[in-house]
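Asks: I'd like to ask some things about the structure below.
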Amino acid sequence: MKQYVVIGCGRFGSSVAKTLYKMGNDVLAIDGDEEIIQNISEEVTHAVQTDATDEHALRSLGIRNFDVAVITIGSNIQSSIMTTLIVKELGVKYVVAKAQNELHAKVLYKIGADRVVFPERDMGMRVAHNLIASNLLDYIELSPEYSIIEITALEEWEEKSLLDLNIRSRYGINIMAIKHDNKINVSPTATDIIYKGDVLVVIGHNDDLLKIQRG
């Protein structure tokens, strides 16, 4: 069981904290708003009202003992940057921070954030991709050029093995996993067969991935 601290419990932060807790993890939620802390207190391990930019306050909470810090302070960029810097200096091994824009993200990376997320932008991209592709179930951008998508198998792929389809040569993509009857094959081989209704986790260049998304 990992220990997580979530700093900033607005809509996104509280969703992260509650989900981590439901998955069986130890979660400390921190926010400056007493009402927010009261609302979330029953759905996390501990909830504390404090100023996240106060190094002494964070130190007294034993922040350095947590495996992961998730900093989701939204509107106040200065507080986001200060908190990220303090948490990193206090010794948290892995820090995830929410950014408002690319410049904010650059600063967060420079001061030590291990990962930066753009919840609103990422959700917007997922919705857009789902609207234009009827077989697309999920979408994760790895970089401006490459992504991972989860799609239902194309009709022309049904009852054929990966060897028969020659996926990599014909489509320029790689199948990372196949979900069949609620079972996941995370290392499919050339002899594995794709059946109707199978869900495929695919990685590739965005241009190649677009070719296998049905409109």
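Derivation of every value follows stated rules applied to the coordinates shown; laboratory data play no part. This structure is a prediction, so every number in the text was calculated from the model and none was measured. Here Cβ is always computed from backbone atoms with ideal geometry, including for glycine, and neighbour counts include all displayed protein chains.
Asks: Students often get this wrong: which residues of the stretch 156-190 have the backbone nitrogen under 17 Å from the point 7 angstrom along Cα-to-C-beta of LYS196?
Replies: Counting backbone N atoms under 17 Å from the label point, the list is 156-161, 180-182.
Asks: In addition: Too long at a 28 Å Cα-Cα cut-off: which of LYS160/LYS211; LYS93/LYS183; LYS2/LYS196; LYS93/LYS211; LYS22/LYS160; LYS2/LYS110?
Replies: Values: LYS160/LYS211 19 Å; LYS93/LYS183 33 Å; LYS2/LYS196 38 Å; LYS93/LYS211 40 Å; LYS22/LYS160 39 Å; LYS2/LYS110 26 Å.
Flagged as over cut-off: LYS93/LYS183; LYS2/LYS196; LYS93/LYS211; LYS22/LYS160.
Asks: Another one. If we count GluC sites (Glu not before Pro) as exposed when they sit in a DSSP loop and have at most 15 other beta carbons within 10 Å, what is the longest stretch of the chain that avoids them all?
Replies: With GluC sites (Glu not before Pro) excluded where exposed in loops, the chain gives 1-144 as its longest stretch.
Asks: Looking at the chain, send over the antiparallel percent of its DSSP beta bridges, to the nearest 5.
Replies: 55
Asks: Quickly rank 198-204, 81-87, 104-110 as a protection proxy: mean count of other C-beta atoms within 10 Å, highest first.
Replies: Most protected by this proxy first, the peptides run 81-87, 198-204, 104-110.
Asks: How far is helix 77-89 tilted off the main Cα axis of the chain, in degrees rounded to 10, range 0 to 90?
Replies: Helix 77-89 and the main axis of the chain meet at about 90 degrees.
Asks: As a check on your grasp of the helix formula, calculate [θ] at 222 nm for the chain: sum -39500 (n - 2.57) over DSSP H runs of n ≥ 4, divide by the residue count, round to the nearest 500.
Replies: So the helix-based figure for the chain works out to -9500 deg cm²/dmol.
Asks: Is the chain best put as rounded, prolate or oblate by its Cα gyration tensor, with a ≥ b ≥ c the root eigenvalues, rounded for a/c under 1.5, and otherwise prolate when a/b is larger than b/c, oblate when not?
Replies: It is prolate, given that a/c is not under 1.5 and a/b is the larger ratio.
Asks: If you add up the charges near ILE173, with Lys and Arg at +1 and Asp and Glu at -1, over every other residue whose beta carbon is less than 12 angstrom from its beta carbon, what do you get? Please list the in-between numbers first.
Replies: On the way: positive: ARG168, ARG170, LYS211; negative: ASP207, ASP208.
My count for the surroundings of ILE173 gives +1.
Asks: Express the Stokes-Einstein translational diffusion coefficient of the stretch 17-99 in µm² s⁻¹, to the nearest whole number, given a Kirkwood radius over alpha-carbon pairs, 4 °C and a viscosity of 1.567 mPa s.
Replies: The estimated diffusion coefficient comes to 100 µm²/s.
Asks: Let me ask you something else. Find how much the distance from LEU163 to LYS110 grows on full extension, using 0.36 nm per residue of separation minus their present alpha carbon separation; answer in nm with one decimal.
Replies: Values: separation 53, 0.36 × 53 = 19.08 nm, distance 4.46 nm.
Residue separation times 0.36 nm, minus the Cα-Cα distance, leaves 14.6 nm.
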